[in-house]
Amino acid sequence: MLEKFLDAAKQEGLQPFAIEVCKEDEVIERWEQDTNCDAYLAESNFQTRSGRRYPVYSATKSFTSTAVGLAVDEGKIALDEPLETFFAAELSKADPAGSSRWRAVTVRQLLTMSVPGLPFRPSGDDWLLDCFSRPIGEERHFSYSNLPAYLAGVAVERAVGEPTDRYLQRKLFSVLDIPRPAMQFCPGGHFYGATGMELTVHEVGTLGRLYLNQGVWKGQRVLSETWCKEAVSRQVMNREGGYGYFFWVRADGGFTIRGKWGQRCYVFPKERVVVTWLSHLPEQERSDRQEELFFRNYSA
């Protein structure tokens, strides 16, 4: 099933590092380059029993969404809670002219990237203060940025009383049999939440399979069915066709975990198929072309 896509990608120099196909919750195809990609992965090719780990960039956001979902299921956080609940101290230090709008922003707005006017990434020595010092618009519409994912991750930490990386390890990674991955943290020590994780192609695909199975993993309920349905359903429209809770929603009824430079996990619910690949294609047109070749040459 993969051969045609891989051949077409190879001809144009767009092969992924690794790719995996699961159908009916079983791995049916897997391919990984023999080379260790030394020029790019000199210090990032940690090997696990499920393959070599690579940076997954914004695919990290879907794991942050899952941390929020776990906290929602425990009753420790609500999507319509305002950020003032979790960041009162930081908001009190920010410019009152800007912080008044921030106080009313909800967790749901973070998850749907509906906080317009933000830069792409936080900066400085205090990322929380940097976030809340940024003026935001009153109108709510899709506006992609790393800041909402960072804030969502810190909100989980405040809600559950435990660092979000440890919470994910205890509640998610240990259950899915994923060894603790490399993660990125802000200068204040909080889980970044937007990028910075390193995972194998199988580990990224495992998250897609968890959502395909409505939150059940090997017979164990990990996430509620309600959360899983909402997270991968269109909550806000964008030019790509829709966005859930840090998941991309497709017109064909499926959903995608995405990271820049060619990190993809496509879930096809009707076919019960999950296709995951990891790459390094810094030029946007090349990662777009890789995606185009996949849909042209692969049928779930």
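The values are calculated or read from the model by the stated rules, or taken from the named source; none is laboratory data. This structure is a prediction, so every number in the text was calculated from the model and none was measured. Ideal geometry is used to build each Cβ from the backbone, glycine not excepted, and the neighbour counts take in all protein chains shown.
Taking the stated definitions as given, is Arg264 of a type in the set (Lys, Arg), under 16 Å from the mean Cα position of the chain (by Cα), under 22 Å from Arg52 (Cα atoms) and in a strand (DSSP E or B)? Answer is yes for this residue. Of all the residues in region 16-34, those that are surrounded by 21 or more Cβ atoms within 10 Å (Cβ to Cβ) and in a loop (DSSP other than H, G, I, E, B) number 2. Scanning region 186-213 for residues that are touching a Gly at 6+ places or on another chain (Cβ under 6 Å) and within 18 Å of Arg272 (Cβ to Cβ) turns up just one, His202. Applying a threshold of 9 Å to beta carbon distances and a minimum spacing of six or more residues, or different chains, the list of pairs starting in region 213-242 at a residue that is closer than 28 Å to His141 by Cα and ending at one that is among the acidic types (Asp, Glu) reads Gln214/Glu225; Leu223/Asp73; Ser224/Asp73; Thr226/Asp73; Trp227/Asp73. I'd like the full set of residues that are surrounded by 14 or more Cβ atoms within 10 Å (Cβ to Cβ) and of a type in the set (A, V, I, L, M, F, W, C), limited to region 98-126. Trp102, Val105, Val107, Leu110, Leu111, Met113, Val115, Leu118, listed by residue number.
Can you name every residue in region 229-239 that is part of a loop (DSSP other than H, G, I, E, B), surrounded by fewer than 19 Cβ atoms within 10 Å (Cβ to Cβ) and within 16 Å of the chain's Cα centre (by Cα)? Before the answer, list the steps.
Here is the first cut: in region 229-239, the ones part of a loop (DSSP other than H, G, I, E, B) are 232-235, 237-239.
Then drop every residue that is not surrounded by fewer than 19 Cβ atoms within 10 Å (Cβ to Cβ), which leaves 233-234, 237-239.
Passing the criteria: Ser233, Arg234.
Considering the conditions (1) surrounded by 16 or more Cβ atoms within 10 Å (Cβ to Cβ); (2) more than 14 Å from the chain's Cα centre (by Cα), Thr226 is excluded by exactly one of them, (1).
Within region 174-212, being surrounded by fewer than 19 Cβ atoms within 10 Å (Cβ to Cβ) and either over 14 Å from the mean Cα position of the chain (by Cα) or part of a helix (DSSP H, G or I) (or both) holds for Ser174, Val175, Leu176, Asp177, Pro179, Arg180, Ala182, Phe185, Pro187, Gly188, Gly189. Residues in region 269-288 that are outside any loop (DSSP other than H, G, I, E, B), crowded, with 18+ Cβ neighbours inside 10 Å and either touching a helix residue (DSSP H, G or I) at 6+ places or on another chain (Cβ under 9 Å) or without any contact (Cβ under 8 Å) to a residue 24 or more places away in the chain (or both): Val273, Val274, Val275, Thr276, Trp277, Leu278. For Tyr150, the conditions (1) farther than 24 Å from Gly69 by Cα; (2) at pLDDT 95 or above all hold with the exception of (1).
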